[in-house]
1. Just the number please: accessible area per residue for the range 238-348, 1.4 Å probe, all protein chains included, in Å².
2. So which lysines can Lys71 reach, going by Cα to Cα under 29 Å and dropping same-chain residues fewer than 8 places off?
3. Suppose all protein chains stay in the model; what accessible area per residue would a 1.4 Å probe give for the range 128-199, in Å²?
4. Can you tell me which of 155-166, 67-78 comes out highest on packing, and rank the rest after it, using the mean Cβ neighbours within 10 Å?
5. What does the charge count near Ile62 come to, summing +1 for each Lys or Arg and -1 for each Asp or Glu among other residues with Cβ under 14 Å from its Cβ?
6. Can you pull the one-decimal nm distance between simple spin-label points at Asn308 and Ala345, each 7 Å off the Cα toward Cβ?
7. Leaving out ligands, DNA and RNA, and with a 1.4 Å probe, what % of the accessible surface on the range 420-463 is carbon or sulfur?
8. Could you sort the peptides 265-273, 295-303 by per-residue average Cβ neighbour count (10 Å cutoff), highest mean leading?
Amino acid sequence: MLFINVLFADVITLTSDQEVSSTIAQGEIVHYKIAASNGNTVNIVLNGLSDDADLHVRIGAIAKGGTYDCKSTNGGTTADSCSVTLTSNNDVYIRIYGYRATNYTVKATIENAAGEGVLNISDAVTLRETKFYTVPALQGQTLEALLDGLNADADLYLRVGAEPTGSEYDCKSSNGGTTADSCSVTLTQDDTVHIAVYGYRATNYTLTASLNEGATPTLTSGHAVSGSVARSAIKYYKINSSYGDKVIATISALTADADIYIKKGEKPTTSSFDCKSTNGGTEADSCSIDILENTEVYIGVSGFRAANYNLLVTSEREMIPANPQIPTVLEDAEGGTLNPNWVTARGDKPAYIWPTPDIPGAPDGDGVIVMHANGDGASLYRYELPVNNTSQMILSMDCGGLPNHLFDIYPERLRGYIPHNGVGVVVKTKLGQRIMNWDSWYTHQGSGPRKNDNGHNVFLNYPAPVEMVRGWYAPTTQWDHFEVNLNTELQRLEPNNEIIRIVQFFTTGGYLDNITLSAAP
């Protein structure tokens, strides 16, 4: 016979109205519990199901498949619920069984006879007797306790993390006689609040306690905090961010697996977020989002397992370079070395450097960058260079072609000229990502600027202000200087938009040199 013991460490503690989302494997069992008091009704809801799971609830002991006080009845993905009412102070145990592998969300809500609070107890103490009660609470919550209905003198004590005594407590009532007494404590970390009622005289009493959510801790950019989170629980923080900021949350020093969720304007859940970290185990992880408006950004640390952690959140506008008056050279092909960050995103030929031609208009220096335009005569090559710039919006470069030029390393093609090409940038804007492209094809066709939204990307296409690559309709011996103000070009097609960050430069081929970003005069 196989005996399976459920350890207390395997039971996840909930607080009233706490919503926990997780997953469960087929045949797996997950246990939760919530502390409640005499007269409380505990309502449990199981929803968010992607497949079938069962709910069992039991007062005072672990629920089992055949031993329970309430069992769900629905099948499939229909939400399930259970309710139990307590006749004494006790823990309510919640058992979730994965009939199939499924996602789920569980929530337990405590209601007392009056319909509010987490404790509502009518009881009595004898002379010098002490009765104790406990309420689990989360970081930032405030517990407020009221002792009323007295017919003689009694005292109220609160202590976080341990039972209070006459000399050790976090709050003690001060009224005498039959005057109602109250006390409150605010938690700086997840813990249990212990409540004591001491009979200075023998008396009846009514004890009520309520928890408010308290303020979500507000973080300061660049200042790390340490914390802990229970399995399947989420601990929340927030940070104030401004238009153009980038919020980066990094979690480290993990003792078990935990994940980061970020959402603008409201608290994230495991199913609703703007960004989620992806690493598992105790490996450090991060998540980042761009901010397109002044807003509060909420960060949730979700415990895949119970874990301790360090959390660092920054919310800053990235300024690269630090001094925008100094131009940023993306590529100058000097010294025989290319920028190592070039990526051949489409095509099988890398970019390379060729000696600077000795023809009128050619750029200064000892080399130019050569990029294929047509690989097989039908599809364009594409070369990409990562960029991270928020302050320099003037894009400029030299571009041209060489007469009767034969590629020594590719002698089978592209003799004499390079077909038309385009250059462009990928940018983050107030209205989202945009792909801006200046192409000599539009110049040849006499086309004006046009916007194309294919449902996945928004393209802003422009005729090239110069003949991008000489050799098709123009002399191959001529070089030109290309220069555009990116914000001005953006607003030709989207007048109310503005660039937040230049993310990437790209080209579909050509002879290029001195690719530079600089600040507008």
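1. So the range 238-348 comes to 49 Å² accessible per residue, rounded to a whole number.
2. Qualifying lysines at Cα under 29 Å: Lys33, Lys107.
3. 45
4. Descending mean neighbour count gives 155-166, 67-78.
5. Computed value for this residue: +1.
6. If labels sit at Asn308 and Ala345, their model points lie 4.5 nm apart.
7. Of the solvent-accessible surface of the range 420-463, carbon and sulfur hold 42 percent.
8. Details: 265-273: 15.6, 295-303: 22.0.
So the peptides 265-273, 295-303, ranked by packing, come out 295-303, 265-273.
The values are calculated or read from the model by the stated rules, or taken from the named source; none is laboratory data. Just so it is clear, the model here is predicted, and its values are computed rather than measured. Every residue, glycine among them, receives a Cβ derived from its backbone with ideal geometry; neighbour counts consider all protein chains shown. Surface areas here come from the heavy atoms of the whole protein model, side chains and all, with no ligands, DNA or RNA. Shrake-Rupley method; radii C 1.70, N 1.55, O 1.52, S 1.80 Å.
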